[in-house]
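Okay, so here's the structure we're looking at.
The values are calculated or read from the model by the stated rules, or taken from the named source; none is laboratory data. Please read all numbers here as calculations on a predicted model, not as lab measurements. Counting neighbours? That spans all protein chains shown, and the Cβs are built from the backbone with ideal geometry, glycine included. Calculation scope for accessible area: heavy atoms of the full protein, side chains included, ligands and nucleic acids excluded. Shrake-Rupley method; radii C 1.70, N 1.55, O 1.52, S 1.80 Å.
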Amino acid sequence: MATPKALLFDFGGTLDDDGRPWLDRLRPLWREAGAGQPEPVLDRAFYDADDGLPARHDLAGLDLAATVALQCADTGRVLLPQDPDAAARVARRYVAQSRATLARNKPVLERLARRFKLGVVSNFYGNLEGILAAEGLLPLFGAVADSGRLGVEKPAPAIFEWALARLGVPASEAW
């Protein structure tokens, strides 16, 4: 393939961290907060909170901190019902880590945006554009394919095709 004209990124674990999905980052924070359940129970609490987040909460306009706070509150009701402040502590630490990584990655993305068309393709909650805007990153991306808005999730080709169509680049010219 020739030099690409577009680069597509994931959000969770890619732009906001160095390759670790949200659960892998949250698991130790929940442990430090006092959650002692076996890993499958902790993981199930996370996935139940995560999978139903947009159905339980109006996420429109919420930034990263508010979104993570809701996800952690729903998880914390299962893991640490006796400590209602644990979810807020976990969320604050998680968001601080994410924002530090986003800030570190912003200059790299700015340099890439001068050379390539950039897009985000993410299985998310429907509010990823707002999160990127609040973090000062949205202007760098010509396409934000958020599964919660598009109704299609990775790895389905349609979510990638949507982003590439927005960028005006064929798949053969994108990484």
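Below, the figures for the structure above:
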read-out: Viscosity 1.002 mPa s, temperature 20 °C, Stokes-Einstein D of the range 3-102 from Kirkwood C-alpha radius, µm²/s; value: 151 µm²/s
read-out: Solvent-accessible area per residue for the range 23-175 (1.4 angstrom probe, square angstrom); value: 50 Å²
read-out: Tail fraction, Cα-Cα pairs, the chain, threshold 21 Å, whole percent; value: 50 percent
read-out: Dipole of the range 1-133, positive direction: furthest Cα of Phe46, Ala73, Leu23, with charges on the beta-carbon; value: Leu23
read-out: Difference of contour (0.36 nm per residue) and Cα-Cα distance, Asp51 to Ala156; value: 36.0 nm
read-out: Percentage relative contact order, the chain, counting C-alpha pairs under 8 Å, at least six apart; value: 30 percent
read-out: Glu129/Val78 FRET efficiency (R0 30 Å; Cβ-Cβ; nearest 0.05); value: 0.55
read-out: In Hz, Karplus ³J(HN,Hα) per residue of the range 98-110 (6.51, -1.76, 1.60; θ = phi - 60°; x = Gly, Pro); value: 4, 5, 5, 5, 4, 5, 5, 7, 4, x, 5, 5, 4
read-out: Residues whose placed amide H lies under 5 Å from that of Ala143, excluding near-sequence neighbours; value: Val120
read-out: Paramagnetic label zone (point 7 Å from Cα along Cα-to-C-beta, Ala100; backbone N under 14 Å) in the range 68-90; value: none
read-out: Positive dipole terminus of the chain, leading residue within Gln37, Gly13, Phe141 (C-beta point charges); value: Phe141
read-out: Prolate/oblate/rounded label for the range 74-175 (Cα gyration tensor, a/c 1.5); value: oblate
read-out: Accessible surface of the range 70-175 [probe 1.4 Å, protein heavy atoms]: carbon and sulfur percent; value: 56 percent
